[in-house]
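Peer 1: I have a structure I would like to understand better, so I am pasting it below and will then ask my questions one at a time.
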Amino acid sequence: MDFGICVMAKPGTCAREAQLAEALGFNHIWVADTQLMAGDVFVCLTLIAAATTRAKLGTGVAIAGTRIAPVTACALGSLNQVAPGRVLCGIGTGNSARRAMGLPPCKLRELRAHVNVIRGLLAGGEVEYHEGNLRRTVRFFHQQMGFVNLQDQRPIYIAANQPKAMELAGEIGDGFITSRTNTVEGWRAALQRVCSSAEHHGRNPADLYTMLLTTAALMRPGEHYDSPRIRTAAGPWTAVALHSLYEGVTSIEQAPAPLQPIFKEYKAYMDNHLRGDERHYLTLHDGHGLYVRPGEERFVTAELIRHTTMTSPPEELCERIRALERAGAKQIAFIPTHGEFDAFVREFSDKVIARV
């Protein structure tokens, strides 16, 4: 099992944090591409590349709808020049980054086209790029002059939480990233959809790299899911789950069954709080993954933490990780609580990585 860590896109701290995580046994460093909510993903990955030597470095994940494909390809090729063979591209439709601007995620057909252009350019070829009604052949100029590295490995992993996106991952991805589930049963169902699509398109599912992106708080003796420290540690990620449900489903019944009672309460609260506000997204995404907004603490329940994170005692978490590995997960990557990065990676390295 590979272990990844998601480093906040903050230029002043990202390199030191990544260096510490690499030293403690994390072999993948991911940086989210959440424009307007943090710093720039490629600026931070470049800083991280200079501070690390072994870990794979990836966009976790790049967004197809916020920069054009040739620009993303250039950024990846440039980063690959700094960290040859260590660069990965996770890419998705922008559920958070685009919604935080009041925009919908891009369409899967747009993601497909985006990936095709990136892949073709990074292979050193000519590709057809579309912009509106314009169709143009594009390529990297001056390839022999070392501006970008097009030689070393550059896998593209498709981020997918919904069934059709999972099928696309199986069809065109070098790998598959999901944050849809934290259970072995949920993982198996998602992976089966990805693998079935791969087989349908004549691909070998065994060649796909598979990754679960999640968060966890390591419970100490005497702690419970509703203990203050656990609620503080897991709260920001659970709040993101509620925000996503609020924007992504049209009825209570569409939410996962265990979350329907708390989501019903949350939806009523937000409907009242945001009624008539055309700029509701500016409120809804405030604190995204960083903190729980005042007034929403009561929604961070033990049940929500249990179903949206991998929070558990270290021994139990080790067993869950082993079970996910047996079920085909090749990497689990964790998002630490903001401000607790050092403490998390040290404790996780000692109590989980060393034991799995």
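Any read-out appearing in this document is the output of simple, stated calculations on the displayed coordinates, not a laboratory observation. Here the structure is a predicted model, which means the values were calculated and not measured. FYI the Cβ positions are ideal-geometry reconstructions off the backbone, even for glycines, and counts take in every protein chain you see.
Peer 1: What fraction of the DSSP beta bridges in the chain is antiparallel, stated in percent and rounded to the nearest 5?
Peer 2: Rounded to the nearest five, the antiparallel share is 15 percent.
Peer 1: Which order, highest average first, do 279-291, 321-333, 144-156 follow once you tally other Cβ atoms within 10 Å for each residue and take the mean per peptide?
Peer 2: Peptide ranking by packing, descending: 321-333, 279-291, 144-156.
Peer 1: Check which residues have an amide H placed less than 5 Å from Ala159's amide H, if you skip close sequence neighbours.
Peer 2: Under 5 Å from the amide H of Ala159 lie the amide H atoms of Ile91, Gly92, Ile177, each far enough along the sequence or on another chain.
Peer 1: Quick one: angle between helix 228-248 and the longest Cα principal axis of the chain, in degrees between 0 and 90, rounded to 10, please.
Peer 2: Approximately 60 degrees, to the nearest 10.
Peer 1: Only loop residues by DSSP count here, and only those with at most 14 other Cβ atoms within 10 Å; note down the trypsin sites (Lys or Arg not before Pro) in the range 115-151 that meet that.
Peer 2: Arg139
Peer 1: How tilted is helix 14-23 with respect to the longest principal axis of the chain? Cα atoms for both, answer in degrees (0 to 90, nearest 10).
Peer 2: Taking Cα atoms only, the helix is inclined about 80 degrees.
Peer 1: Here's another thing I want to ask about it. What pairs from Lys264/Lys330; Lys10/Lys107; Lys56/Lys351; Lys10/Lys267 go past 27 Å between their alpha carbons?
Peer 2: Lys264/Lys330; Lys10/Lys107; Lys10/Lys267
Peer 1: Let me ask something additional. Modelling each spin label as a point 7 Å along the Cα-to-Cβ direction, I'd like the Arg346/Glu319 distance in nm, to one decimal.
Peer 2: According to this spin-label approximation, the distance is 2.9 nm.
Peer 1: Right, next: Please work through the chain and write down the cysteines that have no neighbouring cysteine Cβ at a distance under 4.7 Å.
Peer 2: Those would be Cys6, Cys74, Cys89, Cys106, Cys195, Cys318, since no other cysteine Cβ in the chain comes under 4.7 Å of theirs.
Peer 1: Among 105-114, 74-83, what's the highest-first ranking by average C-beta atoms within 10 angstrom per residue?
Peer 2: 74-83, 105-114
Peer 1: Check Asn149: other-chain or 5+ apart residues with amide H under 5 Å from its amide H, H built from backbone geometry?
Peer 2: When sequence neighbours closer than 5 places are left aside, the close amide H contacts are Ser78, Asn80, Gln81.
Peer 1: Nearest 500 deg cm²/dmol is fine: what mean residue ellipticity at 222 nm does the chain get from its DSSP H runs of n ≥ 4 alone, each adding -39,500 (n - 2.57), divided by its residue count?
Peer 2: It comes out at -13000 deg cm²/dmol, rounded to the nearest 500.
Peer 1: Sort the following peptides by mean Cβ neighbour count (other Cβ atoms within 10 Å, averaged over residues), highest first: 92-99, 313-320.
Peer 2: Ranked from most to least packed, the peptides come out as 92-99, 313-320.
Peer 1: Still on this structure, I have one more. So what are the ³J(HN,Hα) numbers for the range 175-190, from phi and the Karplus equation (6.51, -1.76, 1.60; θ = phi - 60°), rounded to whole Hz, Gly and Pro as x?
Peer 2: Calculated HN-Hα couplings, in order: x, 9, 10, 9, 10, 5, 9, 10, 10, 4, 4, x, 5, 4, 5, 5 Hz.
Peer 1: Here's a follow-up. Pop out the Kirkwood hydrodynamic radius of the chain from its pairwise C-alpha distances, inverse of mean 1/r, in Å to one decimal.
Peer 2: 20.9 Å
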